Amino acid sequence: MYPANFKFDWLKYKNFNNFALFKKKIPNFLDQRHKYKSRRKSLFRRINHSIIGSFNNFVESFKTKPTEYRPYLGSQSKDVSQDNENIDVSEDRNEIAEDSQYPRPVSDKKHHKKSYRLSDIRKRWEDKRNKRKKRKYKKKIKKRHRKENKRRARLEFIRRFFPNYKKPRHIPLVELSDEEAAEVIKQQQKNYFYYTINSVALFIIAYLLVYFMYQLTVLVVASRWKLDSVLMYYDLAFNDYSPLWTRSNIIIVTLAGPLISLIIGFLFYRFFSNRRKVKGFLKLFFLWIALHGFNLFFGAWATGVSFDEGFGYVPAWLYMNVFWQIFISLIFLFVLGLIGYYSASKFLDTSKSAFRVKQENKSKFLLFQAVLPWIIGTLILILVKIPNNMPYDTSNMITLLFGVVPILFNRYARPTVSFEKERKPTKIKWLYIVIFVVLILAFRIGLDKGLHVLLNYKFTMSLEIVPL
């Protein structure tokens with residue numbers, strides 16, 4: 001453990017507790033001692049080390065001179081020890097003053113078992129949690145790489161028989177002539193209208209689904225008080241002069257529809273549209289459902305207060321002051337605008353093209369993907385409901401302006417997914433067009449004369465306790 005030729009006068013330095021001075025005098029000893037302590041040796045290496053050390057000591061015993069014999073001197077030995085203690089150490093004190101920048105060493109006491117505090121336990125728990133997260137992330141990355149490798153292997157196998165299978169059709173404009181480049185730019189402008197046509201179909205399908213969910217919720221809640229209703233393509237009609245109406249059930253019935261719309265908007269905006277497997281047109285469809293749901297709560301409050309219909313019955317029968325009604329309406333419209341502003345990145349995810357989401361093309365894409373579909377879809381729905389356009393219902397479609405237009409002003413929006421460098425061709429999805437036409441015809445023709453709905457349901461529960 002210690003060097004064989006190590007000699008040190010401990011009496012000279014026993015009254016000085018300076019680590020820097022001590023280290024200057026015996027640097028080799030400290031380094032070897034630290035090196036020996038820090039190494040963990042196996043049983044074989046320790047045996048080997050002890051054998052080599054004993055052999056070295058045996059060899060050194062022949063090299064060293066024999067110690068001089070000193071007889072016992074009695075009480076004089078104490079004087080010698082005192083003389084050793086009174087050695088002049090002024091030079092060493094000067095060295096200590098020069099090395100005063102070094103910290104004082106810790107006293108050589110036996111190390112006791114460390115008592116773990118709450119902070120140490122929390123730190124260990126956080127370290128374990130971070131390691132667990134890293135392992136999960138590595139597994140996820142490996143799984144993604146395996147999936148990508150399988151996809152590439154499958155494409156390579158198919159391209160042996162069909163060389164042009166799923167190959168990018170994009171050719172850089174630099175490699176084309178002027179006429180061909182002009183034709184490609186013209187085709188790109190046409191692709192923007194393909195985005196608009198597909199988005200209009202999804203916009204109207206989403207509106208009809210949320211509208212039916214809104215009206216069916218109001219219908220079911222009203223049947224709790226045996227209030228029958230007639231479902232039509234422009235309204236849900238009740239008997240306003242029925243004696244079954246009370247202040248409480250008016251508030252509950254008119255609040256049920258906007259509340260379920262808010263829940264639908266939150267679920268589709270926060271959970272369903274953020275799933276990794278939801279991409280492209282399906283994500284665009286979920287976004288339109290979410291915006292319609294938010295609009296039939298936040299926008300319906302403002303239009304209900306303005307026309308004293310629908311959702312406006314709630315503040316009216318709560319005897320809310322006009323100032324508070326207008327103030328809450330402005331807050332709700334502002335919230336709807338914030339939702340639209342921060343949904344710009346979600347709309348960019350539906351482009352499927354790295355070219356569309358560039359800074360110079362982003363605003364144009366959002367215009368054709370979100371704003372124009374809202375304008376065209378609203379006009380189509382207004383035309384479908386002619387001649388029974390209700391002011392409250394039409395205003396609800398117009399208030400979606402506060403959720404769509406702010407998308408254009410989010411210049412810092414970035415897509416949350418990464419696209420491939422090559423652009424994918426945009427086509428009209430005829431399946432969505434067919435579903436859109438079928439639903440519009442069923443909505444207009446099927447509910448032309450109205451659908452009288454009368455629900456009777458009763459929940460009973462009986463409890464009987466019989467003694468033994």
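The values are calculated or read from the model by the stated rules, or taken from the named source; none is laboratory data. Not measured: the values here are computed from a predicted model. Note: ideal-geometry Cβ built from the backbone for every residue, glycine included; neighbour counts use all protein chains shown.
Key figures for this structure:
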{"read-out": "Residue among PHE323, PHE332 that is loosely packed, with under 14 Cβ neighbours inside 10 Å and in a helix (DSSP H, G or I)", "value": "PHE323"}
{"read-out": "Residue check, GLY257 closer than 30 Å to PRO387 by Cα, at pLDDT 90 or above and either in a loop (DSSP other than H, G, I, E, B) or touching a Ser or Thr at 6+ places or on another chain (Cβ under 6 Å) (or both)", "value": "yes"}
{"read-out": "Some residue of the range 233-247 being in contact (Cβ under 8 Å) with a residue 60 or more places away in the chain, closer than 25 Å to ILE440 by Cα, in contact with a His (Cβ under 6 Å, 6 or more places away or on another chain) and not polar (S, T, N, Q)", "value": "no"}
{"read-out": "Hits in the range 248-265 - residues which are closer than 16 Å to LEU209 by Cβ and of a type in the set (A, V, I, L, M, F, W, C)", "value": "ILE260, LEU262, ILE263, ILE264"}
{"read-out": "Of all residues in the range 337-361 being among the hydroxyl-bearing types (Ser, Thr, Tyr) and part of a helix (DSSP H, G or I), the one that is nearest to ALA302 (Cα to Cα)", "value": "TYR341"}
{"read-out": "Evaluation of ASP393 against (1) closer than 22 Å to PHE332 by Cα; (2) in contact with a helix residue (DSSP H, G or I) (Cβ under 6 Å, 6 or more places away or on another chain) (one fails), failing number", "value": "(2)"}
{"read-out": "Residue within the range 204-226 that is polar (S, T, N, Q) and at pLDDT below 90 present", "value": "yes"}
{"read-out": "Condition broken by LEU291, with the remaining ones in (1) more than 15 Å from ASN396 (Cα to Cα); (2) in contact with a Leu (Cβ under 9 Å, 6 or more places away or on another chain) satisfied", "value": "(1)"}
{"read-out": "GLY304 over 35 Å from the mean Cα position of the chain (by Cα) and under 24 Å from GLN215 (Cα atoms)", "value": "yes"}
{"read-out": "Residue that is modelled with the lowest pLDDT [pool: residues in the range 393-431 that are within 20 Å of PHE203 (Cβ to Cβ), not hydrophobic (A, V, I, L, M, F, W, C) and not in a helix (DSSP H, G or I)]", "value": "THR426"}
{"read-out": "Residue in the range 362-385 that is among the basic types (Lys, Arg) and either part of a helix (DSSP H, G or I) or at positive phi (or both) present", "value": "yes"}
{"read-out": "Number of positions in the range 295-320 that are out of contact with any helix residue (DSSP H, G or I) (no Cβ under 8 Å at 6 or more places or on another chain) and in a helix (DSSP H, G or I)", "value": "1"}
{"read-out": "Residue count for the range 275-286, restricted to those that are farther than 14 Å from LYS352 by Cα and surrounded by 14 or more Cβ atoms within 10 Å (Cβ to Cβ)", "value": "2"}
